[in-house]
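J.: I have a structure I would like to understand better, so I am pasting it below and will then ask my questions one at a time.
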Amino acid sequence: MKASPADQAHLLELADLDARIRHADNARRNPAQTARVPELVAERQAQSAELTGLLGVRDDARAELARIESDVTVVDARSARDAERLATSTNAKDAQGLEHEIASLAKRKSDLEDAELVIMEQLESADAAIAAQEAVIARTNEEGARLSAEGKAAVADATARFDAATRDRAAVAASVPAELLALYDRLAARGVGAGALVRRTCEGCRMVLSGTDLQVLRSAHDDDVVMCPECGCILVRTDDSGL
Ligand SMILES: [Zn+2]
């Protein structure tokens with residue numbers, strides 16, 4: 001096949017645009033941020049389960065505290081009633097019994113207050129653990145929101161690059177003779193369609209061509225369309241081909 005060196009040079013532009021289109025297409029379909037999303041969802045679930053456990057611990061502590069406070073109320077009422085009865089008692093034996101009960105109620109109340117202090121400390125640490133876990137979840141949510149925004153921006157950027165390269169490709173392709181374009185497209189469909197020959201290296205496959213292959217290229221006319229003997233792409237000769 002024959003094609004002018006200028007038309008052949010257009011194939012390098014096409015190859016470059018096709019690489020950009022592939023790259024942008026891949027970037028818009030699989031933004032890097034999406035890889036982290038399933039991990040983040042799993043982390044968020046584990047963190048929520050942990051929070052549920054901590055809230056349960058706090059609920060238990062609150063219920064226990066309420067039970068103790070109610071016991072204290074009962075003890076106080078009983079103690080007050082006993083004190084009243086003691087004040088009006090005329091029977092020494094009854095008085096002794098009441099005094100004894102008042103003393104055990106006082107001991108019971110002191111025990112309940114000790115238990116109350118323990119529970120209040122537990123409540124305090126449960127509150128702190130819940131606040132810490134809520135902060136962890138807030139950070140995970142922030143990361144999710146940030147990734148989502150970055151992912152959307154990356155997709156928008158890649159889509160813009162894809163559209164621009166696709167428009168540029170159409171313009172370049174329109175200037176290439178149909179037969180040459182068809183050959184290029186056929187080759188590009190299975191790999192690299194065209195590569196420059198720079199310093200005896202095919203830029204399509206990065207192979208340095210042998211002396212024999214270079215000898216064949218030297219004997220070709222400028223308007224001969226030649227192929228890389230290594231990868232089969234259209235080899236576009238340049239001023240820096242080393243021929
Ligand atoms: Zn090659």
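The values are calculated or read from the model by the stated rules, or taken from the named source; none is laboratory data. In this text the structure is predicted, and so the values were computed from the model without any measurement. Glycine gets a Cβ as well: all are built from the backbone with ideal geometry, and neighbour counts include every protein chain shown. Accessible surface areas use protein heavy atoms only, side chains included; no ligands, DNA or RNA. Shrake-Rupley method; radii C 1.70, N 1.55, O 1.52, S 1.80 Å.
J.: Let me confirm something: among Arg108, Arg139, which residue is basic (Lys, Arg), open to solvent by 40 Å² or more (accessible area, probe 1.4 Å), in a helix (DSSP H, G or I) and within 30 Å of Arg81 (Cβ to Cβ)?
T.: Arg108
J.: Criterion first (within 30 Å of Gln47 (Cβ to Cβ) and free of Cβ contacts under 8 Å to residues at least 40 places away in the same chain) does Glu99 satisfy it?
T.: no
J.: Quick one: is Asp157 open to solvent by 50 Å² or more (accessible area, probe 1.4 Å), away from the ligand (no atom under 15 Å from the Cβ) and not basic (Lys, Arg)?
T.: So Asp157 passes the test.
J.: Please verify whether Val72 is at pLDDT 95 or above and open to solvent by 80 Å² or more (accessible area, probe 1.4 Å), treating the condition exactly as stated.
T.: no
J.: Let me ask something else about it. Select from the range 2-18 the residues that are open to solvent by 40 Å² or more (accessible area, probe 1.4 Å) and either assigned to a helix (DSSP H, G or I) or at positive phi (or both) and list them in ascending order.
T.: If the condition is that a residue be open to solvent by 40 Å² or more (accessible area, probe 1.4 Å) and either assigned to a helix (DSSP H, G or I) or at positive phi (or both), then Pro5, Ala6, Ala9, His10, Leu12, Glu13, Asp16 are the ones that fit.
J.: State all residues of the range 163-221 that are part of a helix (DSSP H, G or I), surrounded by fewer than 13 Cβ atoms within 10 Å (Cβ to Cβ) and polar (S, T, N, Q); if no residue qualifies, say none.
T.: Within the range 163-221, Thr212, Gln215, Ser219 meet the criteria.
J.: Moving on. Looking only at residues that are part of a loop (DSSP other than H, G, I, E, B) and touching a helix residue (DSSP H, G or I) at 6+ places or on another chain (Cβ under 7 Å) in the range 226-243, which one is surrounded by the most Cβ atoms within 10 Å (Cβ to Cβ)?
T.: Filtering the range 226-243 for residues that are part of a loop (DSSP other than H, G, I, E, B) and touching a helix residue (DSSP H, G or I) at 6+ places or on another chain (Cβ under 7 Å), the one surrounded by the most Cβ atoms within 10 Å (Cβ to Cβ) comes out as Cys233.
J.: Search the range 215-243 for residues that are over 16 Å from Ala6 (Cα atoms) and within 16 Å of the ligand (Cβ to nearest atom) and pair each with any residue that is open to solvent by 50 Å² or more (accessible area, probe 1.4 Å) and of a type outside the set (Lys, Arg) when their beta-carbon atoms are under 6 Å apart and the residues are at least 6 apart or on different chains.
T.: Leu217/Leu243; Glu230/Met207; Cys233/Val192
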